[in-house]
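Engineer: Have a look at the structure that comes next, please.
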Amino acid sequence: MPKKAVFLIALIIVSGLQTMNSQTTENSISDNNSLFWSQVRFGGSLGLSVGSDYISVEIAPSALYDFNKTFSAGVGINAAYGKVDNFKATSVGGSLIGIVRPISSIQISTELQESYINRKIEYIDANDVTTKDWVPALFLGLGYTTGPFTAGLKYDVLYDDDKSINNSALLPFVSIYF
């Protein structure tokens with residue numbers, strides 16, 4: 001057999017093997033992507049704190065990846081509004097979330113949140129005062145879960161009365177994930 005024919009046959013075989021390997025890799029990547037997205041849940045939390053002449057409202061959509069039935073982690077964004085008397089504050093930010101479910105109906109959570117807060121104090125007889133700060137929060141939470149819903153309380157261990165948008169370090173929450 002001439003050398004050119006052997007080289008051509010070898011080239012065709014190597015090309016065929018490469019094509020089969022490429023298809024297997026593409027199918028494997030596609031399967032891995034499908035597996036990954038089947039473990040992701042989307043949803044979020046709502047927060048509400050109401051007091052005498054005070055209101056704080058938060059909305060926080062997020063996505064969680066379920067490593068298994070016990071552990072989840074994810075990311076989220078948040079927006080909040082707070083008002084008491086002549087003080088108003090708005091915030092936007094992001095968070096990293098970790099969740100442990102020791103039993104199916106109990107959720108223990110941790111959330112590291114960084115928010116940009118814009119505060120304004122309005123005075124009748126003086127100039128308004130506005131401040132803008134990046135403020136961290138570290139929430140530790142405990143909730144009761146039924147189906148996709150969780151309701152509970154979370155506590156900000158980094159709470160600063162002068163900087164936080166919330167009136168208290170302890171906040172109720174409701175979350176839902178699908």
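Engineer: Part of a loop (DSSP other than H, G, I, E, B) and at pLDDT 95 or above, is that true of Tyr159?
Structural biologist: Against the criterion (part of a loop (DSSP other than H, G, I, E, B) and at pLDDT 95 or above), Tyr159 qualifies.
Engineer: May I ask you to verify whether Tyr54 is touching a helix residue (DSSP H, G or I) at 6+ places or on another chain (Cβ under 9 Å), open to solvent by less than 70 Å² (accessible area, probe 1.4 Å) and either free of Cβ contacts under 8 Å to residues at least 40 places away in the same chain or farther than 24 Å from Tyr144 by Cβ (or both)?
Structural biologist: Values: touching a helix residue (DSSP H, G or I) at 6+ places or on another chain (Cβ under 9 Å): no; open to solvent by less than 70 Å² (accessible area, probe 1.4 Å): yes; either free of Cβ contacts under 8 Å to residues at least 40 places away in the same chain or farther than 24 Å from Tyr144 by Cβ (or both): yes.
Spelling it out, it is not the case that Tyr54 is touching a helix residue (DSSP H, G or I) at 6+ places or on another chain (Cβ under 9 Å), open to solvent by less than 70 Å² (accessible area, probe 1.4 Å) and either free of Cβ contacts under 8 Å to residues at least 40 places away in the same chain or farther than 24 Å from Tyr144 by Cβ (or both).
Engineer: Moving to a separate point now. Out of curiosity, is Ala151 hydrophobic (A, V, I, L, M, F, W, C) and open to solvent by 20 Å² or more (accessible area, probe 1.4 Å)?
Structural biologist: Against the criterion (hydrophobic (A, V, I, L, M, F, W, C) and open to solvent by 20 Å² or more (accessible area, probe 1.4 Å)), Ala151 qualifies.
Engineer: Follow-up question, since we're still on this one. Specify the residue that is most open to solvent (accessible area, probe 1.4 Å); the eligible residues are those in the range 99-128 that are free of Cβ contacts under 8 Å to residues at least 40 places away in the same chain and within 15 Å of Thr145 (Cβ to Cβ).
Structural biologist: Among those that are free of Cβ contacts under 8 Å to residues at least 40 places away in the same chain and within 15 Å of Thr145 (Cβ to Cβ), it is Ile103.
Engineer: Can you tell me which residues in the range 71-92 are over 17 Å from Ser175 (Cβ atoms) and open to solvent by 20 Å² or more (accessible area, probe 1.4 Å)?
Structural biologist: Taking the range 71-92 as the starting set, the residues that turn out to be over 17 Å from Ser175 (Cβ atoms) are 81-92.
Passing the criteria: Tyr81, Lys83, Val84, Asp85, Asn86, Phe87, Lys88, Thr90, Val92.
Engineer: Further question on the same structure: Hey, among the residues in the range 135-148 that are of a type outside the set (A, V, I, L, M) and touching a residue at least 24 places away in the same chain (Cβ under 8 Å), which one's surrounded by the fewest Cβ atoms within 10 Å (Cβ to Cβ)?
Structural biologist: Thr146
Engineer: On to the next question. Starting from residues that are within 18 Å of the chain's Cα centre (by Cα) and aliphatic (A, V, I, L, M), keep the ones in the range 154-178 and report whichever is least open to solvent (accessible area, probe 1.4 Å).
Structural biologist: Taking the candidates together, the pick is Leu171.
Engineer: Still on this model: Quick one: in the range 37-51, of everything that is free of Cβ contacts under 8 Å to residues at least 24 places away in the same chain and more than 22 Å from Leu153 (Cα to Cα), which residue is most open to solvent (accessible area, probe 1.4 Å)? Walk me through how you get there before you give the answer.
Structural biologist: Start the filter on the range 37-51 by keeping residues that are free of Cβ contacts under 8 Å to residues at least 24 places away in the same chain, which leaves 37-38, 50.
From what's left, more than 22 Å from Leu153 (Cα to Cα): 37-38.
Values: Trp37: 145, Ser38: 76 Å².
Residue satisfying both the conditions and the ranking: Trp37.
Engineer: Which one of Ser56, Ser45, Ser49 is under 13 Å from the mean Cα position of the chain (by Cα) and either in a strand (DSSP E or B) or more than 18 Å from Glu114 (Cβ to Cβ) (or both)?
Structural biologist: Ser45 is the lone residue from the list that is under 13 Å from the mean Cα position of the chain (by Cα) and either in a strand (DSSP E or B) or more than 18 Å from Glu114 (Cβ to Cβ) (or both).
The values are calculated or read from the model by the stated rules, or taken from the named source; none is laboratory data. What you see is a predicted model, and the numbers here were worked out from it, not measured in a lab. Glycine gets a Cβ as well: all are built from the backbone with ideal geometry, and neighbour counts include every protein chain shown. Remember, those area values only see protein heavy atoms, side chains included, never the ligands or the DNA or RNA. Shrake-Rupley method; radii C 1.70, N 1.55, O 1.52, S 1.80 Å.
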